[in-house]
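Since the structure comes first, as C-alpha cells, the remarks are kept for the end.
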Amino acid sequence: MDHDQAAAVLARVSADGRTLAFYDADAAAYAARSHGAGMLEDFIAELAPGAGVLDLGCGGGWHSAQLRDAGFVVTSIDASAGLAAEVKRRWDIEVRVMRFDDLDFVDAFDGVWASASLHHAQAEDLPRIFAAIRTATKSGGVFHATFKVGEDRRDRFGRFFCAIDEGSLRAWAADWRHVRIDGGEGSGYDNEPTPWLRLRAMR
C-alpha cells in the first residue's frame with residue numbers, strides 16, 4: 001500500500017469514527033428531535049399489511065416505531081451502539097448494530113427505508129451498498145432513501161457526509177426499476193438549510 005492509499009484508508013476510518021462518536025455521545029438528544037411524517041406515509045402506502053421492512057440506519061428509532069405501529073415486521077439496524085441503546089430505551093425496539101458493509105440479507109424485505117443515513121457512507125462504497133440493498137429486497141419490493149446533496153464534507157458536529165448529486169444517485173440505482181428522484185430544500189439535526197434528494201425505486 002503506497003502513501004496515498006494509506007492516507008485514503010486513514011481518512012475513511014477517521015470520518016467513520018467521528019460520525020459514530022457523535023451519534024454515540026448525542027444519542028438521547030438526537031432521538032428526541034421532532035420528525036415530519038410525510039415521506040414515511042408515502043412509503044407505508046406502498047406496502048401490504050404485515051410487510052417485512054428494513055429500517056437501514058434507523059437513528060433515533062422514530063421511523064422504526066411508526067413502521068412497527070403500522071403493523072409491519074421491522075428489522076432495525078444502525079452502526080451506533082449508543083443510538084441502538086437509546087432506541088431500545090425509548091421505543092422498546094431491538095436494533096442490530098451493524099454497518100452498511102455488513103448487509104447480508106437475501107430476498108428478505110418487502111421494503112427498505114433509509115432516511116438520512118446512506119450519505120454517511122463513502123461515495124465510492126455506495127454502488128456496492130446499493131447492490132447489497134437490492135439483494136436484500138424481494139422482487140417487487142420498494143426502496144426509499146433520502147440524502148443531503150453536496151461534496152464530501154463534515155458538518156459542525158464532525159459528521160461525515162459524502163458527495164451526492166442526482167447523476168450519481170441515478171447511476172447507483174441503475175439496476176432498479178421505476179426509479180424516481182425528487183429534489184427539495186430542508187434541514188436536519190444541525191438546522192442548516194440544505195438541498196436534499198429523495199429516491200424511490202422498485203426491485
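The values are calculated or read from the model by the stated rules, or taken from the named source; none is laboratory data. Because the structure is a prediction, the values reported are computed rather than measured. Neighbour counts are summed over all protein chains in view; Cβ atoms, including those assigned to glycine, are modelled from backbone coordinates with ideal geometry. To get the accessible areas, we keep the full protein, side chains included, count just its heavy atoms, and leave off ligands, DNA and RNA. Shrake-Rupley method; radii C 1.70, N 1.55, O 1.52, S 1.80 Å.
Points to keep in mind about this one:
- Computed about its Cα centre, the charge dipole of the chain is approximately 260 debye, with only Lys, Arg, Asp and Glu carrying charge at their Cβ.
- Helix runs (DSSP H) in the chain reaching 30 Å along axis by Cα, Kyte-Doolittle at least -1.0: 3-25
- Against the criterion of solvent-accessible heavy-atom surface with a 1.4 angstrom probe, Thr194, Thr135 sort, most first, into Thr135, Thr194.
- Net charge of Cβ neighbours under 11 Å - reference Ala79; Lys, Arg +1; Asp, Glu -1: -3
- Distant-in-sequence amide H partners of Ser76 (H built 1.01 Å from N, under 5 Å): Asp55, Arg96
- Computed from label points 7 Å out along Cα-Cβ, the spacing between Arg180 and Glu94 is 3.5 nm.
- Heavy atoms of Glu185 accessible to a 1.4 Å probe, total area in Å² rounded to 10: 150 Å²
- Solvent-accessible surface of protein heavy atoms, probed at 1.4 angstrom with all chains present, puts Trp176, Trp91 in the order Trp91, Trp176, largest first.
- Reported to the nearest whole Å, the Cα centre-to-centre distance from region 36-77 to region 87-151 is 12.
- Accessible surface, per residue, of the chain when the full set of protein chains is kept, probe 1.4 Å, Å²: 47 Å²
- Exposure check, 1.4 Å probe, all protein chains in place: Ser187 carries approximately 60 Å² of accessible surface.
- Asp102 exposes around 80 Å² of accessible area when a 1.4 Å probe is run over every protein chain in place.
- Cα shape, region 48-203, gyration tensor, a/c 1.5 rule: oblate
- Helix-only mean residue ellipticity at 222 nm for the chain, each DSSP H run of n ≥ 4 adding -39500 (n - 2.57), per residue, nearest 500: -10500 deg cm²/dmol
- Across region 128-203, Cα-Cα pairs farther apart than 17 Å form 48% of the total.
- Taking region 96-203 and dividing mean pair separation by its residue count, relative contact order in percent (alpha carbons under 8 Å, at least six apart): 28 percent
- Among the protein heavy atoms of region 118-178, carbon and sulfur supply 48% of the accessible surface, probe 1.4 Å, non-protein parts ignored.
- Electrostatic tally near Arg33: other residues with Cβ closer than 15 Å to its Cβ, Lys and Arg +1, Asp and Glu -1, net -3.
- Antiparallel bridge percentage (DSSP; both residues within the chain; nearest 5): 50 percent
- Mean separation of Cα contacts under 8 Å, 6 or more apart, over the residue count of the chain: relative contact order %: 18 percent
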